[in-house]
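Okay, so here's the structure we're looking at.
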Amino acid sequence: MSDSEGRGLRPIVVFGATSDVAIALSRRYAEEGASLILIGRNESRLMAVADDLRVRGAASVRTLLQDSLTYEDHPALIESLFSDHRPARFYFFQGSLPDQKACEASFELTREAVEVNFLSIVSYLTWLATALERYPLENTTGGATIIVVSSVAGDRGRGSNYVYGASKGALTVFLQGLRNRLYKVNHGVLTVKPGFIDTKMTADIDKGGPLWAKPQKVADDIRRAADGGRMVLYTPWFWQFIMLIIKSIPETIFKRLSL
């Protein structure tokens, strides 16, 4: 973390701040004395997270209540983030894990899943990218980094979760283009592709075996990748090789598998 971040001068912005991984990451920053801006839709949970971070040493914690699907409010929210010191990093943790079977029987549920996992993030990023291009860089502060959580599910469509996977796959491609665009103005984009994480979102799924990771492990991986200027992160690391194998299976064989 740079000196300006460590002294709390350039805030760290966290969308979806009440998710388990977001909380784990924010605690690391708080312990280093960073300033944080937390964005979420559940006021009581957001306040609880903010109070916890203050106790842990955060220089300051600002909270913004925002429903990610209220698109008309996004431009003003993004502008408000630049009202004081320009943020150093923007983390996006928002998302949901839809019921695949329910989505297969309901376009409304499918659309909701796509909005939460793709379109709402695209809306924020559209306004954010424009703002980052508009505000000139200063040599003393450097560029910002956008860190967005996608998923290994977006690497290949599978019958068990293709609605979720399609949303994440679209997000991954969007981030590739955004990275290409913002590189020209010295801003970075990190795409995070987690595997299975033991969180509230996966509470109803049976867990077991070595493929499941704890939120703190994933948060620490994300932080290291952001500090190191990475562009793509699979977390835990072995998912990169698992997905390499899955993507290499010919479609004539893959369509017969139950995955």
What does the stretch 149-256 give for Rg and for Dmax, in Å, if only its C-alpha atoms count? 14.9, 46
State, to one decimal in nm, how far the label point of ARG45 lies from the label point of ASP220, with both points 7 Å from Cα in the Cβ direction. 2.5 nm
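In nm, what is the difference between 0.36 nm times the number of residues separating GLU133 and MET231 and their Cα-Cα distance?
Details: separation 98, 0.36 × 98 = 35.28 nm, distance 1.92 nm.
Difference between extended and current length: 33.4 nm.
For the stretch 132-259, what does the relative contact order come out to in percent, with C-alpha contacts under 8 Å and a separation of six or more?
Working: 157 pairs, mean separation 34.2, N = 128.
Normalised by residue count, the contact order of the stretch 132-259 is 27 percent.
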Of the residues GLY209, GLY40, GLY154, which exhibits the maximal mean-square fluctuation in a Gaussian network model of the chain defined by a 10 Å Cα contact cut-off? GLY209
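Which whole-number percent gives the relative contact order of the stretch 24-124, counting Cα pairs below 8 Å spaced six or more residues apart? Before the final figure, lay out each step's value.
Working: 97 pairs, mean separation 24.1, N = 101.
Normalised by residue count, the contact order of the stretch 24-124 is 24 percent.
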Based on alpha-carbon centroids, what's the gap between the stretch 23-99 and the stretch 158-227 in Å, whole number please? 18 Å
If the stretch 20-126 were replaced by its equivalent ellipsoid, with semi-axes equal to the square roots of 5 times the Cα gyration tensor eigenvalues, what would those be, largest first, whole Å? 29, 17, 11
Note the per residue figure in Å³ for the convex hull of the C-alpha positions in the stretch 104-215. 130 Å³
Relative contact order (percent, whole number), the stretch 3-254, Cα cutoff 8 Å, 6+ residue spacing: 17 percent
Could you list which residues have their amide H under 5 Å from that of ILE147, counting only those 5 or more apart in sequence or on another chain, with H placed in the peptide plane? PHE90, TYR91, PHE92, LEU190
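Around THR110, under 15 Å between beta carbons, what's the net of Lys plus Arg minus Asp minus Glu among the other residues?
Numbers: positive: LYS101, ARG111, LYS168; negative: ASP99, GLU104, GLU108, GLU112, GLU115.
Cβ neighbours under 15 Å give a net charge of -2.
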Got a sec to turn the phi values of the stretch 186-197 into Karplus ³J(HN,Hα) couplings, 6.51 cos²θ - 1.76 cosθ + 1.60 with θ = phi - 60°, whole Hz, x for Gly and Pro? 6, 10, x, 10, 10, 9, 9, 10, x, x, 7, 10
Pick the calculated semi-axes √(5λ) of the Cα gyration tensor in Å for this structure from (1) 30, 20, 19; (2) 33, 19, 18; (3) 28, 22, 18? (1)
Between THR202 and GLN176, the two model label points (7 Å from Cα along the beta-carbon direction) sit apart by a distance in nm of 2.5 nm
What is the count of Lys pairs in the chain whose alpha carbons sit under 27 Å apart, if the two are 8 or more places apart or on different chains? 29
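Throughout, read-outs are computed from the coordinates displayed, never taken from laboratory work. Please read all numbers here as calculations on a predicted model, not as lab measurements. Glycine gets a Cβ as well: all are built from the backbone with ideal geometry, and neighbour counts include every protein chain shown.
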